[in-house]
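What follows is a short report on a single structure.
The values are calculated or read from the model by the stated rules, or taken from the named source; none is laboratory data. Since the structure is predicted, the reported quantities are computational estimates derived from the model, not experimental observations. Neighbour counts are summed over all protein chains in view; Cβ atoms, including those assigned to glycine, are modelled from backbone coordinates with ideal geometry.
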2 protein chains.
Amino acid sequence: MSEQKSSVMLIDDHPLLRKGLKQLLALEDDLEVIAEASSGAEAIPLATELDPDLIILDLNMQGMDGIATLKKLRDEGVTSRIVMLTVSDADEDVVNAISNGADGYLLKDSDPEILLEHIKRALSGKMVLSEAVTQVLATALRRPTVKTPAELNSLTNREHEILSFIAKGLSNKLIARELNISDGTVKVHVKHLLKKLGLRSRVEAAVWMVNQQGGKV
Amino acid sequence: MSEQKSSVMLIDDHPLLRKGLKQLLALEDDLEVIAEASSGAEAIPLATELDPDLIILDLNMQGMDGIATLKKLRDEGVTSRIVMLTVSDADEDVVNAISNGADGYLLKDSDPEILLEHIKRALSGKMVLSEAVTQVLATALRRPTVKTPAELNSLTNREHEILSFIAKGLSNKLIARELNISDGTVKVHVKHLLKKLGLRSRVEAAVWMVNQQGGKV
DNA sequence: AGATAAATACTCCTTTGGGGGTAACCCCAA
DNA sequence: TTGGGGTTACCCCCAAAGGAGTATTTATCT
């Protein structure tokens with residue numbers, strides 16, 4: 001292995017926290033913070049360009065949140081180790097984070113030494129989870145993501161209707177024919193409903209919907 | 001809380017291992033092994049009667065295996081903390097264990113001190129996972145283990161694997177990244193699998209698959 | 001040794017999907 | 001009456017998906 005420093009990038013919209021984190025990381029000779037960003041939008045071009053060894057990513061950010069940023073980063077082909085950092089100790093996003101390619105999920109209120117320890121472990125290629133997070137993960141496994149249909153209520157009738165067609169596997173064109181509207185309009189509805197549900201594609205929407213209604217069409 | 005000793009029960013079909021474990025636990029003043037069993041069948045009546053604070057349960061046993069024993073115990077209303085113990089460090093049963101009510105999943109080849117530490121943490125109500133297990137758990141979230149019902153048998157392993165990714169909503173590109181193959185290759189597999197299943201799109205495939213396995217990860 | 005199947009990775013091509021925007025129309029509430 | 005949400009419909013643009021073909025390598029089964 002090399003004796004080179006490991007490059008670290010911080011993404012967090014709280015300057016103070018970045019400062020603190022930077023100080024913490026400065027305790028280690030072999031870590032170097034090479035970039036900081038205060039938003040996902042700002043971070044993505046930086047990350048793709050610099051390709052740091054490790055990215056520490058705040059989960060709770062204004063605008064594009066941590067998960068969205070994570071998705072986008074992986075989507076752009078960023079292969080850095082990415083560790084999510086969050087305040088909440090009962091955050092169910094852990095499942096989302098891990099399944100979207102995060103290499104760790106740490107809590108901001110962890111003991112600094114432990115945090116540093118975890119960060120170093122993450123750099124060495126390991127998956128790191130804060131203690132409290134392990135609970136959440138286990139709980140998530142026991143209660144397999146029964147999502148709140150609250151999100152369904154945010155959809156308009158038309159959007160809901162179109163979602164259910166998507167969940168049957170229909171293409172936009174077929175849905176349009178079914179509803180006697182143009183396929184362009186269907187695309188508009190699909191676009192809106194994906195945005196509202198925070199999903200990336202009709203496939204995700206279909207799976208999500210099928211799980212909502214307990215499957216079996 | 002009380003100053004009483006915590007009662008522990010050992011279930012393992014290797015007498016030698018039970019002996020070793022007992023010695024290890026004897027190092028702690030506040031732990032007391034109140035029962036041992038060499039099989040699940042033997043263990044269940046004992047456990048229901050004694051209701052120990054903690055049960056240490058071997059995963060790999062002859063006859064009724066660890067998971068089956070675990071299920072049966074919970075089924076009988078045993079509320080003890082239950083920690084699974086296993087030899088294999090790449091054991092995918094971790095998901096099964098946790099989702100069936102295990103409070104921990106430890107490896108026999110862990111450092112004894114760490115093992116003891118974990119056991120005590122489990123007794124204090126926490127979920128404990130050996131380090132290597134955390135990896136497996138995370139991986140399980142990314143790569144769903146897929147069942148093989150009748151119609152799925154016509155698919156090759158790779159096709160099957162890719163179908164399960166589709167059912168999670170992943171794009172070809174992301175699947176390719178996950179499997180370390182080119183996205184062109186993924187498209188080939190998708191094409192083949194659609195043809196074999198008589199489906200017209202990945203959305204249909206996703207819905208079909210989710211219905212097959214009853215949804216969820 | 002030869003055949004076969006699976007997995008890999010290309011090519012070329014067309015259709016589909018999804019994000020951005022603008023804009024009309026209706027209807028209902030502030 | 002003005003405003004906003006919902007539905008409709010279009011624009012542009014580009015990425016993703018999927019069909020068809022060829023080809024190499026590895027493994028397995030005669």
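Assuming A:ILE119 fulfils every condition listed in (1) modelled with pLDDT of 85 or more; (2) within 14 Å of DNA strand D (Cβ to nearest atom) apart from one, which condition is it?
(2)
Residue under question is B:SER110, and the condition is that it be away from DNA strand D (no atom under 15 Å from the Cβ), modelled with pLDDT of 85 or more, hydroxyl-bearing (Ser, Thr, Tyr) and assigned by TED's automatic domain parsing to the domain that holds B:ASP30; does it hold?
No.
Would you check which residues across region B:44-72 are assigned to a strand (DSSP E or B) and at pLDDT below 90 and list them?
Matches in region B:44-72: B:ASP58 only.
Within region A:185-211, can you find the residues that are crowded, with 18+ Cβ neighbours inside 10 Å, more than 20 Å from B:LEU163 (Cα to Cα) and of a type outside the set (A, V, I, L, M, F, W, C)?
A:HIS189 - this is the single residue of region A:185-211 that is crowded, with 18+ Cβ neighbours inside 10 Å, more than 20 Å from B:LEU163 (Cα to Cα) and of a type outside the set (A, V, I, L, M, F, W, C).
Condition (residue is surrounded by 21 or more Cβ atoms within 10 Å (Cβ to Cβ), at pLDDT 85 or above and away from every other protein chain (no Cβ under 11 Å)) applied to region B:85-104: is it met by at least one residue?
yes
Name the single residue, out of those in region A:163-207 being farther than 28 Å from A:LEU70 by Cβ and touching a residue at least 24 places away in the same chain (Cβ under 8 Å), that is nearest to the other protein chains (Cβ to nearest Cβ).
A:GLY169
Quick check, is A:VAL78 at pLDDT 75 or above and in a loop (DSSP other than H, G, I, E, B)?
Yes: the conditions hold for A:VAL78.
Can you name every residue in region A:1-21 that is over 21 Å from A:LEU70 (Cβ atoms) and at pLDDT 80 or above?
Matches in region A:1-21: A:LYS5, A:LYS19, A:GLY20.
Find the residue count for region B:167-217, including only residues that are of a type in the set (Gly, Ala, Ser), away from DNA strand C (no atom under 12 Å from the Cβ) and under 14 Å from A:ARG202 (Cα atoms).
Summing the residues that are of a type in the set (Gly, Ala, Ser), away from DNA strand C (no atom under 12 Å from the Cβ) and under 14 Å from A:ARG202 (Cα atoms) in region B:167-217 gives 2.
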